[in-house]
Amino acid sequence: MTSELSDTLWYETCRDRFSAPSLSDYITCDIAIIGGGYTGLSAALQAANLGAKVCLIEAGTIGQGGSGRNVGLVNAGLWLPPDDIASKLGADIAQRLTTHLARAPDLVFDLINQHGIACDPVRNGTLHCAHSPSGLRDLQNRFAQLRARDAPVAMISEGETARRVGTSGLCGALFDPRAGTIQPLAYAKGLARAAHKNGAMLFEHSPALSVQKEAQFWRIKTPDGQIRATSILVATNGYTIPFETLFSPQIPMKTIPIHYFQAATPPLNDQQRAQILPNQEGCWDTALIMSSWRMDVSGRLIIGGMGRLDHIAGNVHSAWLRRKLSKMFPMLRDTPLAHSWFGRIAMTPKHIPKILQFGPNAFAIFGYSGRGIGPGTFFGTQMGSALVSGDLTHLPVPPERDHSVAFSGLCEAFYETGATLSHLIRDRGAK
């Protein structure tokens, strides 16, 4: 099975049909951005707002990569709990990063309101659900760490979790009222429209064929055009591979690619919507091979899990999804699933986003490990400011010069095999 953007529910329900021409000219600008997802678009919007001449190119269409295939959860912070971030980055950098990303949902929803982005925002919080007693202990530990940093989170009981999700079998949940859900492709399109309105030049169907340093400029060639820029930002994240080979000299943007798939029901009836996620929180669980579920504003239940649908095990993942839906929500046992799609997550070995400086005024941002909306918007906005001012001190993490990932292909195979085996044996009780 392929996973074209047009296969997704988000493509069908996206009300913003923003499009841009392909690059067919020679452009000189202050900042060139490669990648039309949340990071690149946020950087373009911020830099254009600050008066820079910005040119962004996207190989496909805006949001075609991970941004348009996202679950749509606008979370605060990273996937890691705060103490783990501190152990990997040191206390001072971790405190700065954690504090900034705690406010990332504020930034996302403020941009939505400021620019009138039609992306169905619902800010009713998220539920991180314990799939087992060990998962509950993990959540209680995470809760203690977050409360120590004044996060307004709450632990909710097994019974309250069952009521708010609409299913039994979960041991409790961590509720984060800062978070919410959006239509992820529409958010990307809205950022693009806002950036364009504020003066940024955007081009679709314009893949970078080569990137070279020439004197004090960076030169980017596309099939029908060229860009000469003083600064460059590469914001391709999970869809970098094998893009880094186009640079001269080559830059190390390796990540561990993890795949995640989703499918959606038709809109549920009023009785079903009153029982399943009545508050419209977005949810995911604590399982190592995690799954997620959320409702869109039209009442479709969207459910997903780790794995790729064009893999040899694609049928295993699809069958598991059907069983998972039936087990969690028996009233939906005979409800069809449509719009099956998957996307790629870029994971770094430390599960922390990376800013790589690969030359003068040249940066790459990647590795959100499944937290692309809030962190991606924040990292992009901060980088947009830094590229204009030349001041790197306010970036979320310090830029690094070196980066490597050992055996990324084996790591990818490990996760895909784990997802396949898990989906072969889990939820076998559902019929």
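Some values worked out for this structure:
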quantity: Of all residues making up the range 287-316, the number that are part of a loop (DSSP other than H, G, I, E, B) and at pLDDT 95 or above; calculated: 5
quantity: Any hit, the range 171-180, residues being at pLDDT 95 or above, open to solvent by 50 Å² or more (accessible area, probe 1.4 Å) and among the small types (Gly, Ala, Ser); calculated: no
quantity: Subset of the range 53-84 (residues that are closer than 22 Å to Asp224 by Cα, among the hydroxyl-bearing types (Ser, Thr, Tyr) and crowded, with 22+ Cβ neighbours inside 10 Å); calculated: none
quantity: Residue that is farthest from Gly180 (Cα to Cα), among those in the range 364-385 that are within 10 Å of the chain's Cα centre (by Cα) and modelled with pLDDT under 95; calculated: Gly367
quantity: Answer residue from the range 23-63, given it is among the acidic types (Asp, Glu) and part of a loop (DSSP other than H, G, I, E, B) and is farthest from Ile112 (Cα to Cα) among those; calculated: Asp25
quantity: Sole exception among (1) of a type in the set (Ser, Thr, Tyr); (2) modelled with pLDDT of 95 or more; (3) open to solvent by 10 Å² or more (accessible area, probe 1.4 Å); (4) under 30 Å from Ala313 (Cβ atoms) for Tyr260, by number; calculated: (2)
quantity: Answer from Gln357, Gln275 - the residue that is open to solvent by 10 Å² or more (accessible area, probe 1.4 Å), more than 20 Å from Gly68 (Cα to Cα) and at pLDDT 95 or above; calculated: Gln275
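The values are calculated or read from the model by the stated rules, or taken from the named source; none is laboratory data. What you are looking at is a predicted structure, and each value in this text was computed from that prediction instead of being measured. Cβ atoms come from the backbone with ideal geometry, glycine included; neighbour counts cover every protein chain shown. The protein model used for the area step is the full one, side chains on, heavy atoms only, and it has no ligands, DNA or RNA in it. Shrake-Rupley method; radii C 1.70, N 1.55, O 1.52, S 1.80 Å.
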